[in-house]
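Every number here is computed from the coordinates shown, using simple stated rules; none is lab data. Quantities reported herein were computed from a predicted structural model and do not represent experimental measurements. Note: ideal-geometry Cβ built from the backbone for every residue, glycine included; neighbour counts use all protein chains shown.
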Amino acid sequence: MPSHLTQALGDLNGKPNSDVSFEAELVFRNVIAPVLESGFLTRADIRNLDKATPLVGIYQSIKREYGTTDPSKIRGYAMYENFRDETDFNKERIRLSSAALFHLNFDVESLVRYIGGPHDIGEHRSIPAIRKRLEKGVDPTNKLPV
């Protein structure tokens with residue numbers, strides 16, 4: 001078997017093991033935002049689409065609610081300082097997260113990176129810089145290979 005195929009077969013794509021599979025079904029509700037924001041449809045097309053599905057109205061309502069909301073307060077740790085004491089959903093955090101998700105084209109991975117703080121993914125870390133700092137306290141005979 002060619003090496004690029006065996007490599008692809010061995011790549012777990014973020015899954016914990018090869019027994020896990022992810023499946024997605026392409027449905028119109030999942031593409032309504034990109035279709036409406038593509039700039040491809042004329043106003044008449046959008047009106048006709050609105051007659052065919054309530055999703056256009058729902059999307060436009062969401063756009064009115066979150067399109068002008070500045071989600072920047074959701075970033076970092078400030079919104080999460082007292083989360084352990086919360087007894088109900090933090091509606092402001094939900095609102096700002098929803099606005100951020102809207103502004104990021106509903107890309108959840110981008111939302112996690114945008115929020116940062118407690119959702120730190122370590123993307124900013126430099127392994128070579130960390131190793132260099134740690135070498136000062138490590139016995140040179142026990143160094144890991146570079």
Q: Grab the beta carbon distance between Ser61 and Ser110, set R0 = 25 Å, and tell me the FRET efficiency rounded to 0.05.
A: 0.65
(Q) Just to be sure I understand the model, the point goes 7 Å from the Cα along the line to the Cβ. What's the resulting Arg125 to Arg47 distance in nm? (A) 5.6
Q. Toward the positive end of the charge dipole of the range 70-137, about the Cα centre and with charges on Cβ (Lys, Arg +1; Asp, Glu -1), which of Gly117, Ile74, Leu104 goes farthest?
A. Gly117
**Q.** Distribution of pairwise C-alpha distances over the range 70-137, 5 Å bins, in %
**A.** 4, 15, 20, 18, 14, 9, 8, 7, 4, 1
(Q) Based on Cα coordinates alone, diagonalise the gyration tensor for the range 36-104, multiply each eigenvalue by 5, take square roots, and list the semi-axes in whole Å, largest first. (A) 34, 13, 7
Q) If you take the beta carbon distance between Glu92 and Glu37 as r and set R0 to 30 Å, what does 1/(1 + (r/R0)^6) give as a FRET efficiency, to the nearest 0.05? A) 0.70
**Q.** Residue exposure sequence - Phe106, Phe89 - by fewest surrounding Cβ within 10 Å
**A.** Phe89, Phe106
Q) How large is Rg/Rh for the range 22-66, to two decimals, with Cα atoms and a Kirkwood Rh? A) 1.01
